[in-house]
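A.B. asks: Input: one structure, supplied below.
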Amino acid sequence: SAVISQKPSRDICQRGTSLTIQCQVDSQVTMMFWYRQQPGQSLTLIATANQGSEATYESGFVIDKFPISRPNLTFSTLTVSNMSPEDSSIYLCSVEDLGVNGYTFGSGTRLTVV
Amino acid sequence: AQSVSQHNHHVILSEAASLELGCNYSYGGTVNLFWYVQYPGQHLQLLLKYFSGDPLVKGIKGFEAEFIKSKFSFNLRKPSVQWSDTAEYFCAVTSSGGSYIPTFGRGTSLIVHP
């Protein structure tokens, strides 16, 4: 199965600043997905990132707040911009993993905004 | 749109007790169903999946789940839990006519006392 390296694993940030989360996959994948997991809540899809095109955002998420880069088939970044305490959450990247016929997830980034 | 409902948010059991976690989905077409597990401090891992065929699927670590189409359910079971099963469990669905990207339930926190 695919192996995903996600970093940072956690961070504490000041409100108004931005944080970029990186996701590296050990194999080429067409689509990468970014999720948010708030405490006691389900995983919510933020956007789908395809290489060579703009990310597709879900309702309630916008590019200005969560810009995404996908420069190649193994790497993506998610930036959380102009952060507020409401952005405190776990952010996860995921890929469709044909090796397991399912989806594989990174270890997550636990973000706390103070 | 597809959705997933997990009825038990918190379950506490003693070792050797039997486990059943409920999962219901809403989508009238063909679905693929997944159970993911997240052990403390670890990333989401695929526990088992159903695509087609035998509605009773067996996964890792003695877990199984039964797809009952008439009830739109995919409940997770284990006859005898262990302390090491303490984790968060997520049910997810994809569909051929809805979204191929997983929609997750809210999750069930399972605590097993030794």
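A.B. asks: Can you pull the mean other chain C-beta count within 10 Å for peptide B:36-47?
C.D. replies: Taking all residues of B:36-47 together, the mean is 4.
A.B. asks: Separate question: Determine ³J(HN,Hα), in whole Hz, for all residues of region A:105-114 in sequence, where each value follows from phi through the Karplus function 6.51 cos²θ - 1.76 cosθ + 1.60 and θ = phi - 60°; x replaces Gly and Pro.
C.D. replies: 3J(HN,Hα) across region A:105-114, in whole Hz: 10, x, 6, x, 10, 8, 9, 10, 10, 10.
A.B. asks: While we're here: Given H placed 1.01 Å from N in the peptide plane, which residues other than close sequence neighbours of A:Q51 have an amide H under 5 Å from its amide H?
C.D. replies: Those qualifying (amide H under 5 Å, at least 5 residues apart or on another chain) number zero.
A.B. asks: Over all directions, the average projected area of the alpha-carbon convex hull for region B:36-96 comes to how many nm²? Could the numbers behind the result be given before it?
C.D. replies: Values: hull surface 19.0 nm².
Answer in nm², one decimal: 4.7.
A.B. asks: Now a separate question. Could you sort B:Y50, B:Y27 by their accessible area in this structure, using a 1.4 Å probe and putting the largest first?
C.D. replies: Order by accessible area, largest first: B:Y27, B:Y50.
A.B. asks: Which net charge results for the neighbourhood of B:I101, defined as the other residues with beta-carbon distances under 12 angstrom from its beta-carbon, given Lys and Arg at +1 and Asp and Glu at -1? Walk me through the numbers before you get to the answer.
C.D. replies: On the way: positive: none; negative: A:E58, A:E96.
After counting each charged neighbour, the total is -2.
A.B. asks: Can you work out ³J(HN,Hα) from phi for every residue in region B:101-114, in order, using Karplus 6.51 cos²θ - 1.76 cosθ + 1.60 and θ = phi - 60°, giving whole Hz and x for Gly and Pro?
C.D. replies: Ordered by residue, 3J(HN,Hα) equals 8, x, 9, 9, x, 6, x, 10, 8, 10, 10, 10, 8, x Hz.
A.B. asks: Would you kindly derive the ³J(HN,Hα) couplings of region B:76-93 from the backbone phi angles with the Karplus curve 6.51 cos²θ - 1.76 cosθ + 1.60 (θ = phi - 60°), listing them in order in whole Hz, with x for Gly and Pro?
C.D. replies: Each residue of region B:76-93 in turn: 9, 9, 8, x, 8, 7, 10, 3, 6, 7, 4, 4, 9, 10, 10, 9, 9, 9 Hz.
A.B. asks: Among all lysine pairs in chain B that are eight or more places apart or on different chains, how many have alpha carbons less than 18 angstrom apart?
C.D. replies: Eligible lysine pairs with Cα atoms under 18 Å apart amount to 8.
A.B. asks: What do you get for Rg/Rh of region A:32-114 when both radii come from the Cα atoms and Rh is the Kirkwood radius? Walk me through the numbers on the way to the answer.
C.D. replies: On the way: Rg = 12.8 Å, Rh = 13.3 Å.
Checking Rg against Rh, the ratio lands at 0.96.
A.B. asks: Using every alpha carbon pair in chain B, what percent of pairs falls into each 10 Å bin from 0 up to the bin containing the largest distance?
C.D. replies: Percent of pairs per bin, in order: 15, 50, 28, 6, 0.
A.B. asks: Follow-up question, since we're still on this one. Tally Lys/Arg at +1 and Asp/Glu at -1 over every other residue whose Cβ is under 9 Å from the Cβ of B:E64; what's the total?
C.D. replies: +2
A.B. asks: Follow-up question, since we're still on this one. May I have the pair-distance distribution P(r) for the protein assembly as shown, computed from all Cα-Cα distances with 10 Å bins from 0 and rounded to whole percent?
C.D. replies: Computed distribution, short to long bins: 8, 32, 35, 20, 5, 0.
A.B. asks: Further question: Give me the net charge for the shell around B:H9: Cβ to Cβ below 11 angstrom, other residues only, Lys and Arg +1, Asp and Glu -1.
C.D. replies: 0
A.B. asks: Right, something else. Using Cβ-Cβ distances only, list the Cys residues of chain A with no partner cysteine under 4.7 Å, sorted by number.
C.D. replies: A:C13
A.B. asks: Let me ask something additional. Over chain B, what percent of the accessible surface lies on carbon and sulfur atoms, probe 1.4 Å?
C.D. replies: Result for chain B: 53 percent of the exposed heavy-atom area is carbon or sulfur.
A.B. asks: For region A:1-54, state what percent of all Cα-Cα pairs lands in each successive 5 Å bin, counting from 0 Å until the bin that includes the largest distance.
C.D. replies: Calculated over all Cα pairs of region A:1-54, the distribution is 4, 13, 19, 26, 22, 10, 5, 0 percent.
The values are calculated or read from the model by the stated rules, or taken from the named source; none is laboratory data. Given the structure is predicted, the values throughout are model-derived calculations rather than measurements. Positions of Cβ are backbone-derived with ideal geometry, glycine not excepted, and every protein chain shown enters the neighbour counts. Accessible surface areas use protein heavy atoms only, side chains included; no ligands, DNA or RNA. Shrake-Rupley method; radii C 1.70, N 1.55, O 1.52, S 1.80 Å.
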